[in-house]
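Beneath this line is the structure, given in structure tokens, with notes to follow.
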Amino acid sequence: MAGVWLIPLLPLASALLLILSTGKMPRQLVALLGAGSVGLAAICVALLARDFLADGEVRQLTLWTWLAVGEFTPRIAFYIDGLTVVMMSVITGVGFLIHLYSIEFMWDDESICRYFAYMNLFVAAMLVLVMADNLLLLYLGWEGVGLCSYLLVGFWYRDPANGRAARKAFIVTRVGDTAMALGLFLLFTELGTLDIQPMLVAANSHWQVGDSLPILATALLLGGAVGKSAQLPLHTWLPDAMAGPTPVSALIHAATMVTAGVYLIARTFGLFLLAPPTQEAVAWIGLLTLLLAAFAALAQSDIKRILAYSTISQIGYMFLALGVGAYASGIFHLVTHAFFKALLFLAAGAVIHCLHHEHNIFRMGGLRTRLPVIFWSFLIGSAALAALPFTSGFYSKDAILLSAWEIPGIGPWLWAGGLLGAMLTGIYSFRLVFVVFFGSAHTEPDRQPGWKMATPLIVLCVLSLLGGLLVLPLSGVFPPAAHPAASHAVEYISIGTPLLGLLLAYLLFLGRQLSIDTLADGPLGRGLSDLWLKGWRIDQLYDAVWVRPYLGLSHWWRNEPVDRIYNALVSLCQWAHHRLCALQTGQLRWYATSMVFGLVLLVAIMLRNAT
Amino acid sequence: MSGLQIPMEHVLALAGLLFSCGLMGLMLRRNIIFMLMSLEVMLNAVALAFVAAGAQWGQADGQIIFLLILSVAAAEVAVGLGLVLQIQRRFKTLDMDQARRLRG
Amino acid sequence: MSMAVLILMLLGGGLLAWQSERIHPDLPRWTALATVIVALVFLLVSLPPEQPTLPTDPRGTGDWLLHLKLAWMPRFGIALELALDGLSLLLLVLTLLLGLIAIASSWSEIDFKPGLFQANLLWTLAGVCGVFLAVDMFLFFLFWEVMLIPMYLLIAIWGHENKTYAATKFFIFTQASGLLMLLAIVVLAWQGLAASGRLSFSYFDLLGLTLDPRLGWWTMLGFFLAFTVKLPAFPFHTWLPDAHTQAPTAGSVLLAGILLKTGAYGLLRFCIPLFPEASLQFAPIAMGLGVAGVIYGAVLAFAQSDFKRLVAYSSVSHMGFVLLGLYAWNQLALQGAVMQMVAHGISTAALFMLAGALQQRLHTRDMGRMGGLWHQAPRMGACAMFFAVASLGLPGLGNFVAEFLVLLGLFAVQPWLAALAALGLITAAIYSLWMMQQTFQGSPDEQRKLADFDVREMLAMGTMVVALVWLGLYPQPVLDLAQPVIDSLQHLVPSDNAVVALAPGAAVNKP
């Protein structure tokens, strides 16, 4: 299909139009252009997917050679296989729903034009990221989505806190991106190409499993993935990134951009197979992140922060899947997560929208009857998030846990950790449901969601429920996974754990059979909840280790220490000047006397030389 | 009647003596008038030496130089006295240690 | 001949602009604008259709498009010798384009003696064009000085509150280092005399001299210092923040956009080809200075509260990449360095133009007194955002291509140094975004009146936006123009040399 280039071009063109209109376009046209372009792109992707499912052929398209310097010839070229089609469908499909939702959500905002311009730009960059044929073009999309994330997190720029969150998001991910850039340098220097498929082939022929170079290269790529996907140790930006408009959180910080790291690792899995230590590190990072984030989610009171931590935790599952070699399961979880987390964010956005921008869950409550559509959306989303049986999240998470169990040696540990995480997920997701939608009301909603908000919610509800039945066309991309052959006991435990979490949440937050207050009141409980509320104080740690030293350094250097050298030179000249000035007394007799003595001296020297 | 009638050394010693006197006067006196006079003495000492040398070797150069020095000295006195008048007017003194506005 | 005409045209245009002030105060800027446009068109028209290669060239130093040699002082071997190749052409076009931008940016800024101002602007341009064209070392030095003096006047007469200090500092730094270069030129010419028995200052005659290693080292150092002061590289950069901050907008645009590039050009054209062995020995030190500049400039940029000072320090950081690219000495890095010269010229010129526009409107450069300007001036904000992200190296824009190529080339030679220099990518993000936060984001002062960019300013900005995007997505024409020069540099050192042998892809061919 030659028109593939149209897919990223549509949102890009729309973004350019919106930018060039400089806010003078009528709202209706902005909405039409903003959502319509993504909708059209979604239709194109659907056509592409239909063709792809029919013949299963990998499609390649070269637009032009980006630059050619010696052997370095990256092209602007697309490579479309099953993985790409899956990612493109998620980006444009979920993206279109979120754009539709945004029309209503952002209707009253004076900068709606700017909003849609950024959103469209993001969709275009994200599409380039997943369609890229080489790592340099992928890097272009990678940084492009980072920029859009920065712009959208800081969309309401008047509040300096939003700007701070936006900068944090960009700079923390930039740390990872820089590692990734170094990875690209290493790969090119060693393998002579950045085109992904030839590179994987070259890697296989030049490197043995366990060589140090692939380990280093994958570790550097992992750095980029960790930054973008908000995994330990670079996860701290994501909770703060919730400062942006909620649909942005749904699109960028839940469904698409944050999963770019997962995509990157899946795309270059051939390299990771050559580097078992990195592969294992991916699994451990995933496990650690999913647990830490799940604990942190337990203590939050801001509805969006809960969801942000749960996003970090769910991407942890994806990393766990990648780490244990279950690439298809990881991508499957990526897809289902995109559905249910977008659903949850959009529902949360609807709650916030209807409750005068209230974020604190303890000032909500009793919304079950007042906002029924949102309640059901939230319930379905939470069920899928908690992986209750037969929801989409259940299938994907179950597959990951079973694959983890299969790994010899560390497998059971990973599995047990994942289970603990699953239980915690059940607790925090239903804590959210119970606190917000049950109990007594604290704030009255002042409006109901309109059709532009309700439709995406309903579609995503369906997808969250039935998404588990999708069969992703990934068989040609990844090596076939060994069929899980775990015992039934393992499966039952996997199924039962989220239910246990649900039960605990019920007992704690709805039935009140267990008192959360007594749990949290002890010194240990208070300490832990404070620690979790602040996200394990990792922000404070980074503040002390990185931010303050950097500020101190820049403050110390502020007045240009190097100039002191030159100022010293100037001082020396001035000093000499003053000394020499002292000779010029203005006294005529002194001059005459010095001339005489000078003459005497000269004559003496001449006489001495003459003899 | 060629050559010098008295020994050259005597003339040179006298010239040296006169020159030193002038130099000492220049260095030690503070009054600008006296400094100018000392300068004249020095010039004349040099002129004497030239005349003596010219006589010694019977050449006219010494006398030419003497005439030159004479005219230079006259010009110098003219300019110098003009400056003295200005100094007197500006500083109300002829003490050169007082007139030191050009110090650094 | 057309090259000499080009320079004379700019000099004459300057005189004309100066005198036209008597007729009408608005006339000088129109004269200047017309002169630069005519010069640009003239340059492009006078290019030969094919690319003849000069036969006088002993080592095959690239393809020269034009060559002109007129006798001047034959007894000293000094001639009016000008030559144009792809690199010079690239920089000439950049010079004239940024000249246009500079005139546009000072359109309504200058009230005091506008004629003399435009004349100085054009004379600076003439000097820079001469620097990019001269291949006689003596003539080169002459133009080197010619470009300095009008720039000094621009800062000293039309600068801001602390202009005398800044102008003097700029002058002394450049002059002192220029004298070192003069000394080195003379030494080089004498060596040429000793070797061939003929005194000549021509670049082509001096190329390929075999020098005593010690002498070569010191002579190279003379050139190196002159060029790195101009570049400027750490630790010779301290004149730059002062000069930039105090200069009028057009002065900053020219200074950042093209005067700094003369330093890089000098290194590329003269310092490295004339002394390949010494430069090779010196490369580790030069690269160390480059990395130091990248990081030091970025940290200091973050510490500034003055908008122009911030941009000035960001220049120090970016020019560090040029130094790295030149001395990493392989095709990728050298192309990256050339690319950086062009891309940085555009992006920084735009930022200075922005700073000038802000100062003209708000009468301050202190970012502490700005904030929330986006609300009042969205077009300005969008431009600022674009050039801020360009300067932090966003892929798809010219600066990224440049920095990526430099680092990619450097990585093959010095991986650890490349890793260190890559920190510059993070620090660049920190200061660029901080700059945006302090100026255009944050809560606006509702009382403040701020006129947004008008058509003239948007036209200038739009040109630069398009140029940067073009450089970012299809830089091949620029790369092709610079390719011959870079090829010739690579021939200078024996091919089994450790630095150059690390050509990318070499590992693939290993068993």
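Annotations
- Share of carbon and sulfur in the accessible heavy-atom surface of the protein assembly as shown [1.4 Å probe, %]: 68
- Reported to the nearest whole Å, the Cα centre-to-centre distance from region A:166-199 to region A:13-85 is 22.
- C-alpha center-to-center spacing [region C:141-194, region B:41-71] in angstrom: 53
- Measuring nothing but how far apart in sequence close Cα pairs (under 8 Å, 6+ apart) lie, relative to its length, chain C scores a relative contact order of 14 percent.
- Site-free segments of chain C were taken between GluC sites (Glu not before Pro) in DSSP loops having at most 12 other Cβ atoms within 10 Å, sites themselves excluded; the longest one is C:162-445.
- Note on region A:500-544 and region C:71-124: Cα centroid distance 69 Å, given to the nearest whole angstrom.
- Of A:His206, B:His10, the residue with the largest accessible area leads and the full order is B:His10, A:His206 (1.4 Å probe).
- Under DSSP loop assignment and at most 13 Cβ neighbours within 10 Å, longest GluC sites (Glu not before Pro)-free interval of chain A: A:111-611
- Full extension of the chain between A:Ser21 and A:Leu47 gives 6.3 nm of extra length, using 0.36 nm per residue less the Cα-Cα distance.
- Per residue, the solvent-accessible area of the protein assembly as shown (1.4 Å probe, heavy atoms of protein chains only, all protein chains present) comes to 38 Å².
- Chain pair C, A: total accessible area buried, heavy atoms, 1.4 Å probe, Å²: 5200
- Helix axis angle, A:212-228 relative to chain A longest principal axis, alpha carbon, degrees: 70
- Between A:Asp108 and C:Thr463, the FRET efficiency estimated from the beta carbon spacing at R0 = 30 angstrom works out to 0.25.
- Pair C:Asp366, A:Leu602: separation of 7 Å Cα→Cβ label points (nm): 5.8
- Where labels lie 7 Å past Cα in the beta-carbon direction, separation of B:Leu102 and B:Leu4 in nm: 3.6
- Mean separation of Cα contacts under 8 Å, 6 or more apart, over the residue count of chain A: relative contact order %: 12
- 21 Å Cα-Cα threshold exceeded, pairs from C:Lys169/C:Lys230; C:Lys69/C:Lys261; A:Lys24/A:Lys452; A:Lys304/A:Lys534: C:Lys69/C:Lys261; A:Lys24/A:Lys452
- For C:Phe386, the accessible surface of its heavy atoms amounts to roughly 40 Å² (probe 1.4 Å, protein chains only, rounded to the nearest 10).
- Panel note: contact residues of region A:182-196 (accessible area lowered by at least 50 Å² against the chain on its own; 1.4 Å probe) correspond to A:Leu182, A:Phe185, A:Phe188, A:Thr189.
- Cβ-derived FRET efficiency at R0 51 Å, C:Leu47 paired with A:Glu280, nearest 0.05: 0.25
- Computed E for C:Thr164/C:Asp454 - FRET, C-beta separation, R0 45 angstrom, nearest 0.05: 0.90
The values are calculated or read from the model by the stated rules, or taken from the named source; none is laboratory data. Predicted model only: the values in this text are computed from it and were never measured. Positions of Cβ are generated from backbone atoms using ideal geometry, with glycine treated the same way; all protein chains shown enter the neighbour counts. Side chains included, ligands, DNA and RNA excluded: accessible areas come from the protein's heavy atoms. Shrake-Rupley method; radii C 1.70, N 1.55, O 1.52, S 1.80 Å.
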